[in-house]
Amino acid sequence: MRNVRGAKALSEYLESKGTPISESTIFSLLRQDKIPHQRPSPRILIFNLDAIDEWLGIN
């Protein structure tokens, strides 16, 4: 399972994949519950990169 912690790390990963999404857009998607994530505690965000790739249709 490939995971990254935080919106900045996710933004950097998506940039490397050629699908740039800003941190502010990621936070907006989080507020709308439209992006797969885990929040084990209030200030920690974990993104499973396999789930993100599937969500975006990246192979």
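Annotations
- Filtered by the rule that a residue be closer than 14 Å to residue 56 by Cβ and open to solvent by less than 90 Å² (accessible area, probe 1.4 Å), region 27-44 gives 29, 35, 36, 37.
- Of all the listed residues (58, 52), the sole one being open to solvent by less than 40 Å² (accessible area, probe 1.4 Å) and modelled with pLDDT under 95 is 58.
- Exclusive hit being surrounded by 15 or more Cβ atoms within 10 Å (Cβ to Cβ) and either among the acidic types (Asp, Glu) or in a helix (DSSP H, G or I) (or both), set 11, 24: 11
- Boolean, residue 21 is in contact with a strand residue (DSSP E or B) (Cβ under 9 Å, 6 or more places away or on another chain) and β-branched (Val, Ile, Thr): no
The values are calculated or read from the model by the stated rules, or taken from the named source; none is laboratory data. Keep in mind the model is a prediction, meaning the values are calculated, not measured. Heads up, the Cβs are rebuilt from the backbone with ideal geometry, glycines too, and the neighbour counts pull from every protein chain shown. Please note that ligands, DNA and RNA were not included when accessible areas were found on the heavy atoms of the full protein model with its side chains. Shrake-Rupley method; radii C 1.70, N 1.55, O 1.52, S 1.80 Å.
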